[in-house]
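Working notes, beginning with the structure itself.
The values are calculated or read from the model by the stated rules, or taken from the named source; none is laboratory data. Keep in mind it's a predicted model, so treat the numbers as computed, not measured. Counting neighbours? That spans all protein chains shown, and the Cβs are built from the backbone with ideal geometry, glycine included. In case anyone asks, the SASA skips ligands and DNA or RNA and just uses the protein heavy atoms, side chains included. Shrake-Rupley method; radii C 1.70, N 1.55, O 1.52, S 1.80 Å.
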Amino acid sequence: LGGPLASSPAGSSGLVTGTASWIRRLPSFILQDWPRYAWRGLQLDCVRHYMPLEFIKRYLQAMAYLKANTFHWHLTDDQNWRLYIPKRPRLVSSNRWSTEFYSTEDVQEVVAFARSLFITVVPTVETPGHSLSALAAYPEIACAGDHFEVPKTRVGTYKDIMCVSKKALSEFANDVFEEVVRLFPGKYVHVGGDETPTDRWEHSEHVKAFAGKAGLNNLGPDIMEAWYCFLGNLLGGYNRTIVMWDDHFASRNFKVSKKCPGAEQSWVVQAWKMEPPVGNEDHSSVHRNWKFQTVASPMKAVYLDYPIASIDFNVTLKWRLGEPGASVLGGCANMWTEDSEPKDVGGKVYPRYLGITERLWGGTLA
């Protein structure tokens with residue numbers, strides 16, 4: 001810069017004086033700037049490929065630079081369980097292909113670093129599907145079987161899932177989420193819920209007995225609703241709010257015979273499928289009549305894991321989340337890592353996430 005800054009005396013006081021002189025030459029104006037959406041998220045899958053702590057910190061710094069404020073930390077899935085739970089130590093050793101995990105101290109370091117950047121960490125613990133790593137460590141939480149193989153990488157969707165209704169699963173959930181809320185002070189905990197085949201439930205005597213006793217009409221959506229209700233009450237006891245994927249809600253209105261009391265007021269839906277009634281017909285924006293608080297994550301607009309050559313950037317730039325208000329908290333872009341090591345992540349997240357954060361901060365382009 002030239003002018004008064006170039007001729008200012010050396011030292012900080014001279015810099016301040018010179019800057020003040022430069023500002024006085026500007027016309028008077030008022031700058032108003034605030035976010036359109038409160039939830040400005042970016043996810044990172046640390047299951048399929050382990051992400052070192054220093055990499056996660058750089059990821060968070062880049063988020064903060066772009067005014068993102070919510071880090072979705074994907075910690076468990078079929079392929080691995082990366083979060084150490086003292087009462088369930090076998091979880092982090094269930095995968096022989098990749099043994100790295102995040103210790104209590106690791107998590108505390110990430111959470112503190114994120115807090116210093118004004119970023120909230122939302123942990124994702126996948127239930128009841130995407131849970132082969134948990135079943136391998138503690139097979140008693142499955143409906144049937146006593147041995148489960150943890151896959152090296154993802155191949156389709158797996159039918160073995162947690163057996164809702166078993167006492168062993170309730171005890172498991174209590175042990176896991178007690179530690180999760182101790183480690184993560186934020187209000188929200190993501191409990192998964194996507195891509196959950198119900199075949200094992202439909203053939204389980206445990207689930208059939210539970211459904212009969214509870215007066216449920218089916219062994220699919222009714223059981224999923226009951227599971228969410230259980231987790232909502234469990235985490236609500238710790239003053240936490242559950243977040244779940246939107247798969248369950250496409251048929252909830254006409255397939256769930258007993259809805260969880262107060263669900264519309266106490267659950268948050270992360271919508272990736274965006275099927276009606278959650279989303280509009282274009283599957284990219286939240287429907288104005290949808291009642292649940294929602295984080296928009298439509299696959300075609302904000303999934304960052306696809307090869308760059310296959311991406312239409314215009315879909316991202318034209319993305320409309322929905323009208324801000326009671327049902328739209330904001331949005332989150334997702335970076336899955338089935339095909340991405342740490343060295344590949346930056347090239348997939350950027351520059352696309354710049355366009356996404358602009359949608360989250362200021363809305364759509366004029």
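Descriptive notes on the structure:
- Some residue of the stretch 193-214 being at pLDDT 95 or above, under 16 Å from the mean Cα position of the chain (by Cα), closer than 28 Å to Phe113 by Cβ and of a type outside the set (Asp, Glu): no
Here's the yes/no breakdown for (1) closer than 28 Å to Asn233 by Cβ; (2) surrounded by fewer than 15 Cβ atoms within 10 Å (Cβ to Cβ):
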site: Gly262; (1), (2): yes, yes
site: Trp267; (1), (2): yes, no
site: Ser284; (1), (2): no, no
site: Ala296; (1), (2): yes, no
site: Lys300; (1), (2): no, no
site: Ile311; (1), (2): no, no
site: Asn314; (1), (2): no, yes
site: Gly322; (1), (2): no, no
site: Leu329; (1), (2): yes, no
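- Enumeration of residues in the stretch 239-260 that are in a loop (DSSP other than H, G, I, E, B) and open to solvent by less than 80 Å² (accessible area, probe 1.4 Å): Arg240, Asp246, Ser251, Val256, Ser257, Cys260
- Of all residues making up the stretch 121-145, the number that are open to solvent by 60 Å² or more (accessible area, probe 1.4 Å) and not in a helix (DSSP H, G or I): 1
- Of the residues making up the stretch 107-120, those that are open to solvent by 60 Å² or more (accessible area, probe 1.4 Å) and not hydroxyl-bearing (Ser, Thr, Tyr) are Gln108, Glu109, Arg115, Phe118.
So that you can scan it fast, the table gives a plain yes or no per residue for (1) farther than 16 Å from Tyr50 by Cα; (2) small (Gly, Ala, Ser); (3) under 22 Å from the mean Cα position of the chain (by Cα):
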| residue | (1), (2), (3) |
| --- | --- |
| Ser103 | no, yes, yes |
| Asp106 | no, no, yes |
| Ile119 | yes, no, yes |
| Pro128 | yes, no, yes |
| Gly145 | yes, yes, no |
| Phe148 | yes, no, no |
| Lys152 | no, no, no |
| Ser165 | yes, yes, no |
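- Pairs are defined by a Cβ separation below 8 Å, a sequence spacing of at least 6 or placement on different chains, a first member in the stretch 185-204 that is of a type in the set (Gly, Ala, Ser), and a second member that is open to solvent by 30 Å² or more (accessible area, probe 1.4 Å) and not in a strand (DSSP E or B); the pairs so defined are Gly193/Asp247; Ser204/Ala144; Ser204/Ser165; Ser204/Leu219.
- When Arg40 is tested against (1) in contact (Cβ under 8 Å) with a residue 60 or more places away in the chain; (2) crowded, with 17+ Cβ neighbours inside 10 Å; (3) not in a strand (DSSP E or B), exactly one condition is not met: (3).
- Which numbered condition Gly220 misses (of (1) open to solvent by less than 20 Å² (accessible area, probe 1.4 Å); (2) among the small types (Gly, Ala, Ser); (3) under 18 Å from Val328 (Cα atoms)): (3)
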